[in-house]
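Below is one structure, written out as structure tokens; comments come after it.
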Amino acid sequence: MNTLECKGIVKKFGSNEVLHGVDVTLEKGKIYGLIGRNGAGKTTLLSIASGQNPATAGEVDVDGLKVWDNQDALDKICFSRELNITAGNTGIGGLKVKEYLKAARTYFPGYDKSIEERLIKEFELDIKKRLSKLSKGMLSMVTIIVALASKSEYTFFDEPVAGLDVVARDTFYKILLEEFAESGRTFVISTHIIEEAADIFEEVLFLDKGNIILKENTQELVGRTVHVSGVSEEVDKIMEGKKTYHVETIGRSKAATVMLEPGEELRNTADITVQPMNLQQIFVAMCGKEA
Amino acid sequence: MTGFDRNLKYWFYYVSKSMLAIYAMIIGIVAVMSLLDGSNFIDTFTENIVLYLTMASAMSVIVFGFTNITVMFPVTVSMSSRRRTSLVAMNVAQQVIGLLSFTISFICALIKWPVLKEMLSLVIPAFLGVIGILFFLGNIVAFLSERFGRTVGMILYIVFVFFVVFLCTIGIGIVKNGKTFSMVMANPQAFAILFCAAGIILDVLGIVLVSAGLNKKEIKYC
């Protein structure tokens with residue numbers, strides 16, 4: 001209970017399998033960062049976890065309720081999708097911001113209009129404009145407003161800061177944290193701007209080629225992941241029995257990203273250099289191409 | 001409010017607004033035409049009000065079919081609505097507002113041509129049958145737009161309409177001199193009721209057609 005569970009989620013588009021049996025549990029009252037490369041399956045996973053699209057196999061439960069086609073479960077979730085307006089005024093682009101927000105006000109049972117009004121003011125958003133006339137950053141603002149004002153227990157953001165300027169990004173993080181502190185809602189934020197948001201993620205999920213390869217507390221992950229370089233034999237000794245990523249050999253020297261055991265420490269010696277890594281570097285080491 | 005209530009509330013708001021926009025467009029066109037040919041707008045409008053209201057109502061059915069399923073339906077699903085609930089509420093709103101609009105034009109027709117009042121038992125079922133067929137066509141547009149996208153969907157719809165008109169023309173040609181035609185002419189009341197029933201059945205079939213496969217459809221924004 002008090003969790004959102006994805007169990008064995010498989011998603012196929014024709015013969016192309018995008019998600020390969022994803023198992024993940026999100027606990028209530030945490031901010032998760034969902035990090036993955038383009039095409040890793042982040043949006044697909046979120047759209048299935050929110051009950052917007054069906055999985056090919058597997059199921060999603062929220063607080064013990066099946067999410068698919070179940071209004072009681074859907075009422076607990078908001079996935080404010082990234083708006084891609086490509087068809088001008090003929091599609092969703094023809095809607096005015098205020099019309100889109102009106103739909104959100106009607107559909108989300110706990111919608112908080114005061115949050116909507118505050119964000120419109122903070123972002124200086126013109127709600128009379130059509131979605132097709134908005135810049136990418138402004139479209140992100142609209143999705144942020146809907147997600148935060150929805151007051152849904154589980155709220156998913158897909159690239160919320162894409163196109164936002166520094167001031168708007170700062171406003172978003174500030175209001176998100178305020179809302180989190182006040183409501184204890186669960187937020188999942190899918191983003192490529194990792195370092196900027198790293199501090200607010202209590203846990204991170206790394207999604208690589210349709211698999212969750214890591215789910216861990218952000219501080220613990222950053223605390224136990226180091227970049228080790230130096231004499232090849234010494235680095236090999238350190239690597240022995242440990243999870244290593246992105247191993248590079250140049251002549252007699254070797255460098256690798258090493259995940260230490262919790263509480264384990266590694267110090268610089270004459271033969272090796274140990275450097276701390278930030279979340280982005282860890283992600284690149286784990287999901288980037290092997291050297 | 002339940003999910004269905006929320007859907008009804010939103011779809012009635014959206015469909016009514018779209019309906020009013022279509023009325024405004026028709027009025028605008030008549031006003032511009034009157035301005036261009038120097039006629040009196042009020043006179044022209046009053047003279048042809050049945051035609052304009054019927055046009056607006058028929059247009060609305062096709063416009064709803066063309067846009068609601070591809071534009072607003074994905075938005076409602078992305079706002080945590082069940083698909084089937086949204087689809088049912090969408091159809092209820094479209095059909096109630098459409099029927100209301102057709103009824104207004106029908107009442108105007110009764111006022112304009114009092115002779116129709118004497119044939120109400122014939123005219124009402126025929127009127128309902130025509131509306132049922134129009135709703136069916138609206139759902140065919142919705143089905144094609146949802147499956148093939150708006151542009152290809154509209155092209156396929158036009159092909160479909162031509163095909164149906166072709167079949168009807170041939171069908172009428174075949175039965176015109178036959179026994180069936182004589183039977184129909186002998187009992188127009190029964191024919192009107194049959195026509196009404198056919199319209200309603202087609203309307204239901206149209207809804208079923210749109211809902212089929214919708215549960216597996218990938219919701220994307222366009």
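Observations on the model:
- Taking strands (runs of 3 or more DSSP E) as the structural unit, those lying wholly within the range A:13-118 and holding at least 1 residues that are touching a residue at least 60 places away in the same chain (Cβ under 8 Å) and among the acidic types (Asp, Glu) correspond to A:16-27.
- Whenever a residue of the range A:123-148 is at pLDDT 90 or above and of a type in the set (Lys, Arg), its partners that are in a helix (DSSP H, G or I) and open to solvent by less than 20 Å² (accessible area, probe 1.4 Å), lying with C-beta atoms within less than 7 angstrom and at least six residues away or across chains, give the pairs A:129/A:97; A:130/A:93; A:130/A:94.
- Residue in the range B:103-110 that is over 13 Å from the mean Cα position of the chain (by Cα), touching a residue at least 24 places away in the same chain (Cβ under 8 Å) and within 14 Å of chain A (Cβ to nearest Cβ) present: no
- Scan the range A:119-128 for residues that are assigned to a helix (DSSP H, G or I), in contact with a helix residue (DSSP H, G or I) (Cβ under 6 Å, 6 or more places away or on another chain) and open to solvent by 10 Å² or more (accessible area, probe 1.4 Å) and the total you get is 2.
- Every residue from the range A:203-215 that is surrounded by fewer than 16 Cβ atoms within 10 Å (Cβ to Cβ) and either in a loop (DSSP other than H, G, I, E, B) or free of Cβ contacts under 8 Å to residues at least 24 places away in the same chain (or both): A:209
- Reported count of residues in the range A:232-279, each being over 24 Å from residue A:215 (Cα atoms) and among the aromatic types (Phe, Trp, Tyr), is 0.
- Contacts under 8 angstrom Cβ, first residue in the range B:43-71 being among the polar types (S, T, N, Q), partner not in a helix (DSSP H, G or I), 6 or more apart: B:70/A:91; B:70/B:149; B:70/B:222
- Qualifying residue in the range B:13-33 (condition: touching a residue at least 60 places away in the same chain (Cβ under 8 Å) and open to solvent by 10 Å² or more (accessible area, probe 1.4 Å)): yes
- Being assigned by TED's automatic domain parsing to the domain that holds residue A:129, touching a Leu at 6+ places or on another chain (Cβ under 7 Å) and surrounded by fewer than 16 Cβ atoms within 10 Å (Cβ to Cβ) is not true of residue A:23.
- Here residue B:219 meets each of (1) open to solvent by less than 40 Å² (accessible area, probe 1.4 Å); (2) over 19 Å from residue B:61 (Cβ atoms); (3) assigned to a helix (DSSP H, G or I) with one exception, condition (3).
- The one condition in (1) in a helix (DSSP H, G or I); (2) without any contact (Cβ under 8 Å) to a residue 24 or more places away in the chain; (3) away from chain A (no Cβ under 14 Å) that residue B:99 fails to fulfil: (2)
- Filter pass, residue B:137 being surrounded by 15 or more Cβ atoms within 10 Å (Cβ to Cβ) and free of Cβ contacts under 8 Å to residues at least 40 places away in the same chain: no
- A single entry from A:72, A:112, A:170 fulfils the requirement of being under 21 Å from residue B:4 (Cα atoms), of a type outside the set (Gly, Ala, Ser) and away from chain B (no Cβ under 14 Å): A:112.
- Residue B:86 being within 14 Å of another protein chain (Cβ to nearest Cβ), over 26 Å from residue B:104 (Cα atoms), without any contact (Cβ under 8 Å) to a residue 60 or more places away in the chain and open to solvent by less than 50 Å² (accessible area, probe 1.4 Å): no
- Once the range B:187-214 is narrowed to residues that are open to solvent by less than 40 Å² (accessible area, probe 1.4 Å) and within 14 Å of another protein chain (Cβ to nearest Cβ), the residue that is modelled with the lowest pLDDT is B:214.
- Scope the range B:146-186; condition surrounded by 12 or more Cβ atoms within 10 Å (Cβ to Cβ) and not in a helix (DSSP H, G or I); matching residues: B:149
- Taking each residue of the range B:154-182 that is over 21 Å from residue B:61 (Cβ atoms) and looking for partners that are open to solvent by less than 70 Å² (accessible area, probe 1.4 Å) with beta-carbon atoms closer than 9 Å, six or more apart or interchain, yields B:175/B:184; B:181/B:175.
- Residues in the range A:129-158 that are surrounded by fewer than 20 Cβ atoms within 10 Å (Cβ to Cβ) and either more than 25 Å from residue A:91 (Cβ to Cβ) or in contact with a strand residue (DSSP E or B) (Cβ under 6 Å, 6 or more places away or on another chain) (or both): A:130, A:151.
The values are calculated or read from the model by the stated rules, or taken from the named source; none is laboratory data. Nothing here was measured: the structure is a model prediction, and the numbers come from that model. Counting neighbours? That spans all protein chains shown, and the Cβs are built from the backbone with ideal geometry, glycine included. Side chains included, ligands, DNA and RNA excluded: accessible areas come from the protein's heavy atoms. Shrake-Rupley method; radii C 1.70, N 1.55, O 1.52, S 1.80 Å.
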